[in-house]
Amino acid sequence: MKLIDEQLLDNLSAEAKESPRLRMNYNFHQSLVDKCHRFLNAVEPGTMVEIHRHPTKDESFVLLRGKVRVNTYNDDGSVIESVVLCQEEGRYGVDIPKNVWHNLESLAPNSVIFEVKEGSFVPHEEEGVLRLQP
């Protein structure tokens, strides 16, 4: 059994602060080819996951602490929905259907989400990254 506690979240947030991308994963799945990927994602202000989609995979985010913004987009890059996940405001998570453009942005220090999606791992470059024109 792996316990998700304050110490684990604190250690992961500390690693995220030291990472050039300002985020760090802690995987519960054993391999990138596992059928279900379950992991913690610590995200710090200044990191923004690029707009991407998973053509064949639904994805769920549940906020454990902090504050993050999750956006969904049309093919032209216009925002469909934007929600701030924040426990104090009663917004705890989102489920994003397959093939929907989305991204995530940290809005508070020490933010950690629990993510679940189908494996195997496929880099965003292969699944799809939305490149907006300036």
Q | Percent carbon-and-sulfur accessible area, the chain, ignoring ligands, DNA and RNA, probe 1.4 Å | A | 51 percent
Q) Does the range 34-80 come out rounded, prolate or oblate by the C-alpha gyration tensor, with a ≥ b ≥ c the root eigenvalues, rounded set by a/c under 1.5 and, if not, prolate when a/b is larger than b/c and oblate if not? A) oblate
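Once you order the gyration tensor axes a ≥ b ≥ c over the Cα atoms, which shape class does the range 1-70 get: rounded for a/c under 1.5, otherwise prolate or oblate by comparing a/b with b/c? Kindly include the intermediate steps, with their values, before the conclusion.
Details: a/c = 1.69, a/b = 1.13, b/c = 1.50.
It is oblate, given that a/c is not under 1.5 and a/b is not larger than b/c.
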Q. Accessible area per residue, 1.4 Å probe, Å², for the chain: what's the number?
A. 58 Å²
Q) Restricting to lysine pairs 8 or more places apart or on different chains, what number in the chain have Cα atoms under 21 Å apart? A) 10
Q: Quickly work out the Met1-to-Val62 label distance, labels modelled 7 Å from Cα along the C-beta direction, and quote it in nm with one decimal.
A: 1.6 nm
Q. What are the residues whose amide H is under 5 Å from the amide H of Gly93, where those residues sit 5 or more places off or on another chain and H is modelled from the backbone?
A. Leu63
Q | 222 nm mean residue ellipticity, helices alone, for the chain (DSSP H n ≥ 4; -39,500 (n - 2.57); rounded to 500) | A | -3500 deg cm²/dmol
Q | Choice from Thr47, Thr72, Thr56 with maximal GNM fluctuation in the chain (Cα, 10 Å cutoff) | A | Thr56
Q) Taking amide H positions as placed 1.01 Å from N in the peptide plane, with prolines and chain starts having none, which residues 5 or more places from Ser111, or on another chain, fall under 5 Å of its amide H? A) Val43, Lys67
Q: Provide the per-residue ³J(HN,Hα) series for the range 74-88, in order, calculated from phi with Karplus coefficients 6.51, -1.76, 1.60 and θ = phi - 60°, each as a whole number of Hz, with x at glycine and proline positions.
A: 7, 4, 7, x, 6, 6, 8, 9, 9, 9, 9, 7, 7, 4, 4
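The values are calculated or read from the model by the stated rules, or taken from the named source; none is laboratory data. From a predicted model like this one, the values you see are computed outputs, not experimental measurements. Virtual Cβ from ideal backbone geometry, glycine too; neighbours counted across all protein chains shown. Ligands, DNA and RNA are excluded from the accessible area calculation, which covers all protein heavy atoms including side chains. Shrake-Rupley method; radii C 1.70, N 1.55, O 1.52, S 1.80 Å.
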